[in-house]
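Below you'll find the structure, written out as structure tokens, and then a few comments.
The values are calculated or read from the model by the stated rules, or taken from the named source; none is laboratory data. Not measured: the values here are computed from a predicted model. All Cβ positions, even for glycine, are placed from backbone atoms using ideal geometry, and neighbour counts span all protein chains on display. All accessible areas refer to the heavy atoms of the entire protein, side chains included, with ligands and DNA or RNA removed. Shrake-Rupley method; radii C 1.70, N 1.55, O 1.52, S 1.80 Å.
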Amino acid sequence: MAEEEAGPGALSVREVQQLVRRKDELEAQIKACYAVLEGQKGVGMNEPLVDAEGYPRADIDVYQVRAARHNIICLQNDHKALMLQVEKALHQLHAREKEKQAKDEAEAQAEAMNQNQSLPQPFARVNAVTPGSPASISGLQVDDEIIEFGSVDTHNFQTLQNIATVVQHSEGKPLSVTVIRDGKKLHLGLTPKHWAGKGLLGCSILPLQR
């Protein structure tokens, strides 16, 4: 996994992972210290270490209990400070991730807009396609917008007669047809020929208003 770049004052993913590991280590040490207290007659953090007469209790290791209590206090303070660091770092990482996601979405949107702007203007639209026809076999679909039909394109198209002429002169020969479908440019190979239905294509094409 590529490591996130951290900005000034921000921690990287690896550094946050190190903080979390340190937190786990502190929690393990705190747990071990509490186990020491538990082993000393279950003495907690606040029970007295002297007997009724004010002498150190003989039933426990007073020095060990004091050391464990001191360590717990220090470790808990470290743990508290570390948790604040982890919380701040995770918040920064989340903010950076949101910022990166917004940037990626903006770039994708800009790319899509540029792509749409670079697409040629269609001059006709497929209104109907008969199943089993040459048009259907070529992959032509209803609502495909035509930008090239053989030698006819956006610049020289005048009427549907232009397409009819190309079709008549290309019977049995593959024609290059370029359409826009779902915002993307597609190239199809269409061979006009006699089939069971009417005409040489088996589709209906309508000119677009320009």
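Quick test for you: out of GLN101, GLN18, GLN76, GLN115, pick the one residue that is open to solvent by 50 Å² or more (accessible area, probe 1.4 Å), at pLDDT below 90 and in a helix (DSSP H, G or I).
GLN115
If I go through region 130-152 residue by residue, how many of them are farther than 12 Å from VAL179 by Cβ and either open to solvent by 30 Å² or more (accessible area, probe 1.4 Å) or assigned to a loop (DSSP other than H, G, I, E, B) (or both)?
8
Please find, among LEU160, LEU82, the residue that is open to solvent by less than 50 Å² (accessible area, probe 1.4 Å), of a type outside the set (S, T, N, Q) and either modelled with pLDDT of 90 or more or closer than 30 Å to MET45 by Cα (or both).
So the residue among LEU160, LEU82 that is open to solvent by less than 50 Å² (accessible area, probe 1.4 Å), of a type outside the set (S, T, N, Q) and either modelled with pLDDT of 90 or more or closer than 30 Å to MET45 by Cα (or both) is LEU82.
Looking only at region 48-62, filter to residues that are surrounded by 11 or more Cβ atoms within 10 Å (Cβ to Cβ) and assigned to a loop (DSSP other than H, G, I, E, B); which one of those is farthest from the chain's Cα centre (by Cα)?
Only one residue tops the list, namely ASP51.
Write out, first by first residue and then by second, each pair whose Cβ atoms fall under 9 Å of each other, whose residues are 6+ apart or on separate chains, and whose first residue, in region 160-183, is within 12 Å of LEU201 (Cα to Cα) while the second is of a type in the set (Lys, Arg).
GLU171/LYS193; GLY172/LYS193
Before we move on, is LEU188 open to solvent by less than 60 Å² (accessible area, probe 1.4 Å) and part of a loop (DSSP other than H, G, I, E, B)?
The answer is no for LEU188.
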